[in-house]
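**Student:** Below: one structure in structure tokens.
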Amino acid sequence: MKLIIAQKEGVTALFLKQTFRELGYEVVFTCSCAQDLFGYLERERNIDAVFMDLELKGPIDGIRAAHTLRQRSKRTKIIFTSSFSDEYTMENASFVDPEGFLIKPIARGDLEAVLQTLQNPRKGEQSGQEHILFGPYRYDLRSRRVYENRGEIDLTKRELHCLELLLHHKGSHLSKEQLTMQLWNTQEDKGVALRELIYRLRKKLPKAAIASRVRVGYMIK
């Protein structure tokens, strides 16, 4: 994967750069302001992910830069980093629909979890198939609806999002930390809320093989 580091603080940029290289990822560009980022992307568009600080140097912050990046490239993933995890910050960042959110100081384990999510292609999207089958159920990739035979199963927005994450990594465990980050855009402990969410999914999809493993996470077989 080709990665860009856009960070205001040099110490965070250095940590990310060293960790990425240790893990075998290619860092193609490092910057601290949106103008430099856009200048590089004018020359090189084949970028897999940008690790974007919410507080960049200059007049354009990370959220505005991410909005511009989304308009220019749909394939480039965005992972936000920030020293703040308050509700206001999270809500503003969520409008960009980032692939991840890392709270500073960034823990190496959390960074590796995000990289693992980026590395694993979503099942079905790469092969061009129109649905994913699991047990007697069918998830339609185009409409984002779940069916059993011809009947649609009603899921809340968050239940559907959780199911999609599990289906797109079908056969592989997703850690509680990965699910929490994707579902709530936070690294706070959401263990109780996550267990309740999985419980509701199991009640609505009793024939789906949603498995859990202590200290590992959840998966659909």
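The values are calculated or read from the model by the stated rules, or taken from the named source; none is laboratory data. These numbers were taken from a predicted model, which means no experiment stands behind them. No Cβ is skipped: glycine too gets one built from the backbone with ideal geometry, and neighbour counts run over all protein chains shown.
**Student:** The conditions are (1) surrounded by 19 or more Cβ atoms within 10 Å (Cβ to Cβ); (2) part of a helix (DSSP H, G or I); (3) of a type in the set (A, V, I, L, M), and V50 fails exactly one of them. Which is it?
**Tutor:** Against the list (1) surrounded by 19 or more Cβ atoms within 10 Å (Cβ to Cβ); (2) part of a helix (DSSP H, G or I); (3) of a type in the set (A, V, I, L, M), V50 comes up short only on (2).
**Student:** Could you list, in sequence order, the residues of the range 194-214 that are outside any helix (DSSP H, G or I) and surrounded by 17 or more Cβ atoms within 10 Å (Cβ to Cβ)? First the steps, then the outcome.
**Tutor:** So the first thing to find is which residues in the range 194-214 are outside any helix (DSSP H, G or I), and the list is 205-214.
Hits for the range 194-214 are L205, A208, I210.
**Student:** Going through the range 183-219 one residue at a time, which ones are under 20 Å from the mean Cα position of the chain (by Cα) and within 14 Å of E164 (Cα to Cα)?
**Tutor:** L183, L197, I198, Y218, M219 - these are the residues of the range 183-219 that are under 20 Å from the mean Cα position of the chain (by Cα) and within 14 Å of E164 (Cα to Cα).
**Student:** Just to be sure, is R70 in a helix (DSSP H, G or I), over 16 Å from the mean Cα position of the chain (by Cα) and modelled with pLDDT of 85 or more?
**Tutor:** Answer is no for this residue.
**Student:** Quick one: would you say E152 is more than 29 Å from V50 (Cβ to Cβ), at pLDDT 90 or above and surrounded by fewer than 16 Cβ atoms within 10 Å (Cβ to Cβ)?
**Tutor:** It is true that E152 is more than 29 Å from V50 (Cβ to Cβ), at pLDDT 90 or above and surrounded by fewer than 16 Cβ atoms within 10 Å (Cβ to Cβ).
Conditions tested, residue by residue: (1) outside the structural domain of I106 (by TED's automatic domain parsing); (2) surrounded by fewer than 18 Cβ atoms within 10 Å (Cβ to Cβ); (3) touching a Cys at 6+ places or on another chain (Cβ under 7 Å); (4) of a type outside the set (D, E).
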| site | (1), (2), (3), (4) |
| --- | --- |
| R21 | no, yes, no, yes |
| V28 | no, yes, no, yes |
| L41 | no, no, no, yes |
| E44 | no, yes, no, no |
| I60 | no, yes, no, yes |
| H67 | no, yes, no, yes |
| R75 | no, yes, no, yes |
| F80 | no, no, no, yes |
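**Student:** A further question follows. Take the residues in the range 115-149 that are acidic (D, E) and either assigned to a loop (DSSP other than H, G, I, E, B) or more than 15 Å from P206 (Cα to Cα) (or both); name whichever of them is modelled with the highest pLDDT.
**Tutor:** Quick first cut of the range 115-149, residues acidic (D, E) only: 125, 130, 140, 148.
Then drop every residue that is not either assigned to a loop (DSSP other than H, G, I, E, B) or more than 15 Å from P206 (Cα to Cα) (or both), which leaves 125, 130, 140.
Details: E125: 48, E130: 74, D140: 88.
Restricting to residues being acidic (D, E) and either assigned to a loop (DSSP other than H, G, I, E, B) or more than 15 Å from P206 (Cα to Cα) (or both), the top hit is D140.
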